[in-house]
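Chemist: Below are the structure tokens for one structure; questions will follow.
Rule-based calculations on the coordinates, nothing more; no lab input. This structure is a prediction, so every number in the text was calculated from the model and none was measured. Cβ sites come from the backbone with ideal geometry, for glycine too, and all protein chains shown count toward neighbours.
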Amino acid sequence: MNPVQLGVIGIDHRHIYGMLGGMLAAGAECRGWWTDGAPPTLDGFLKRFPQIHRCRQMEEILDDPSIELVLIAAIPCDRAEIAIRCMERGKDVMLDKPGCTTLADLARVSDAVTRTGRIWSVDFSERFEVPAVIKAQELVDAGAIGRVVQTIGIGPHRLNRALRADWFFDDARYGGILTDIASHQIDQFLIFTGSTDAEIVAASVGNFANSGDPGLQDFGEILLRSQSAQGYVRVDWYTPDALPNWGDGRFIILGTEGYIELRKYVDVSGRDGTDHLFLVNKTRNEYINCANIPLTYFEALAADVRNRTATAMSFSHAAKVTELAITAQRMAVRRGNLAASM
């Protein structure tokens with residue numbers, strides 16, 4: 001079986017490291033990459049992928065008929081246009097989240113998917129690149145905690161100010177904290193509750209610790225519900241310096257017969273490493289180390305590119321997550337040092 005041939009357009013976010021690394025591990029081959037200028041991620045990209053050719057212009061990737069899949073981690077507000085250009089050239093796309101930043105862009109993307117029949121997939125890395133989430137989904141699907149009635153998703157992040165480009169501090173360019181980070185937790189809410197749609201009940205965003213950067217939203221929260229379940233999301237840029245990684249991401253899944261807690265990246269003052277899962281139900285009260293659980297998204301996406309299927313993620317799901325995140329952002333009450341509107 002011939003390996004999937006891919007290209008990269010835009011390396012403005014560090015998530016491109018996991019996106020490209022995951023596809024290469026799944027057997028794909030990268031024929032080249034292009035990005036505008038020298039973003040702060042450039043040195044890290046070159047260190048990880050020194051053997052891959054850098055193209056002089058984006059069109060080298062768009063015009064290469066052998067490239068089947070394009071990975072896009074450009075500045076968030078630019079992702080929709082790049083994805084549409086790729087799809088119109090007969091290429092599938094995998095994007096860093098957010099896949100786009102406005103409802104108008106999402107409508108244009110949906111039209112392009114319908115017209116071209118191409119794949120538009122978003123790498124929600126807090127699910128697809130976290131083995132503990134894969135295990136949790138297996139347990140939920142097996143009925144280990146009964147019917148899921150609520151999820152709580154916590155997504156703290158480290159600011160790392162010195163590593164951030166100018167666009168990071170401009171909410172019109174990154175889309176706002178809910179459009180961006182909270183898309184992860186919305187994705188997991190829909191998956192774990194078996195929901196295909198949801199309502200944003202309430203949302204707020206704030207800037208409480210960075211008064212000199214009025215375009216930065218350093219806090220956000222969402223209350224959402226579907227026909228079968230409720231959810232709460234909190235995201236922020238407050239990870240303190242003493243934590244050994246970028247954020248103490250947690251996810252709690254409440255069922256009618258038990259609950260699961262994921263401590264994705266660190267177990268504070270507890271077990272070493274990542275991917276900690278705690279399961280409590282009628283017969284089990286246990287800890288499961290999920291670090292060696294295999295990831296499935298990248299291989300599934302490669303198979304979808306070959307077979308014209310949608311096993312990794314349906315477009316309807318990716319679009320619904322994006323729609324809900326943007327809707328929450330648009331209706332959010334703005335607090336702290338934020339201006340009244342974006």
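Chemist: For segment 29-40, just list the computed ³J(HN,Hα) in residue order, Karplus coefficients 6.51, -1.76 and 1.60, θ = phi - 60°, integers in Hz, with x standing in for Gly and Pro.
Modeler: The phi angles translate into 10, 9, 8, x, 9, 9, 8, 7, x, 10, x, x Hz.
Chemist: Let me ask something else. Using amide H atoms built 1.01 Å from N in the peptide plane, name the residues 5+ places from V8, or on other chains, whose amide H lies under 5 Å from its own.
Modeler: G32, W33, W34, L71
Chemist: I'm a student and want to see the number: the projected area of the Cα convex hull of segment 5-123, averaged over all directions, in nm². Show your work: numbers first, answer last.
Modeler: Numbers: hull surface 26.1 nm².
Reported value for the Cα convex hull: 6.5 nm².
Chemist: Which far-off residues, 5 or more places away or on another chain, put their amide H under 5 Å from the one on I75, with H placed in the peptide plane?
Modeler: For I75, the qualifying residues are D12.
Chemist: In addition: Using 7 Å Cα-to-Cβ label points, what is the Q57/A303 separation (nm, one decimal)?
Modeler: Result for the modelled spin labels: 4.0 nm.
Chemist: Calculate, for M331 and L163, the FRET efficiency according to 1/(1 + (r/R0)^6) with r their C-beta to C-beta distance and R0 51 Å; round to the nearest 0.05. Provide the component values of the computation, followed by the final result.
Modeler: On the way: r = 31 Å, r/R0 = 0.61.
According to the calculation, E is roughly 0.95.
Chemist: Sum up the charges of everything whose Cβ sits under 13 Å from the Cβ of N160, counting Lys and Arg as +1 and Asp and Glu as -1, but leave N160 out.
Modeler: Neighbour charge sum, excluding N160 itself: +2.
Chemist: Report the label-to-label distance for T196 and N285 in nanometres (one decimal), using points 7 Å from each Cα along the Cα→Cβ vector.
Modeler: So the label points at T196 and N285 sit 4.0 nm apart.
Chemist: Continuing with the same structure: Using unit Cβ charges (K, R positive; D, E negative) and no other charged atoms, how large, in debye to the nearest 20, is the dipole of the chain about its Cα centre?
Modeler: Details: 35 positive and 43 negative charges, 61 e Å.
Once rounded to the nearest 20, the dipole reads 300 debye.
Chemist: Another one. Quickly estimate the mean residue ellipticity at 222 nm for the chain, helices only: each DSSP H run with n ≥ 4 gives -39500 (n - 2.57), and the total goes over all residues, rounded to 500.
Modeler: Values: 12 runs with 109 residues, N = 342.
-9000 deg cm²/dmol, from helical runs alone.
Chemist: Here is the link list: K135/K320; K47/K320; K135/K282; K91/K135; K47/K264; K97/K282. Which ones come out longer than 28 Å on Cα distance? If you can, show how the numbers build up before the last one.
Modeler: Details: K135/K320 24 Å; K47/K320 36 Å; K135/K282 19 Å; K91/K135 32 Å; K47/K264 26 Å; K97/K282 37 Å.
With Cα atoms farther than 28 Å apart: K47/K320; K91/K135; K97/K282.
Chemist: Still on this structure, I have one more. Picking from H13, A83, C100, whose Cα lies most toward the positive end of the charge dipole for segment 5-123 (charges on Cβ: Lys, Arg +1; Asp, Glu -1)?
Modeler: Comparing the listed Cα positions along the dipole, H13 ranks first.
Chemist: In whole angstrom, note down how far apart the Cα centers of segment 257-284 and segment 113-182 are.
Modeler: Centre-to-centre (Cα) distance: 19 Å.
Chemist: Further question: Around D43, under 15 Å between beta carbons, what's the net of Lys plus Arg minus Asp minus Glu among the other residues? Before the final figure, lay out each step's value.
Modeler: Values: positive: R14, K47, R48, R54, R164; negative: D12.
Charge balance in the 15 Å sphere: +4.
Chemist: Here's a follow-up. Compute the distance from the alpha-carbon center of segment 199-213 to that of segment 38-55, in whole Å.
Modeler: Distance between centres, Cα-based: 33 Å.
Chemist: Another question, if that's okay. Gaussian network model of the chain, Cα springs within a sub-10 Å range: biggest mean-square fluctuation belongs to which of T274, T283, T193?
Modeler: T283
Chemist: Loop-only chymotrypsin sites (Phe, Trp or Tyr not before Pro) in segment 218-320, please: DSSP not H, G, I, E or B, and at most 15 other Cβ atoms within 10 Å.
Modeler: Values: sites: F219, Y232, W237, Y238, W246, F251, Y259, Y265, F278, Y287, Y297, F298, F315; in loops: W237, Y238, W246, Y265.
Those that pass, being in a loop and sparsely packed, are Y238, W246.
Chemist: Name the residue farthest towards the positive end of the dipole of the chain from the options N281, A328, S66, assuming +1 on Cβ of Lys and Arg, -1 on Cβ of Asp and Glu, about the Cα centre.
Modeler: Of the listed residues, the answer is N281.
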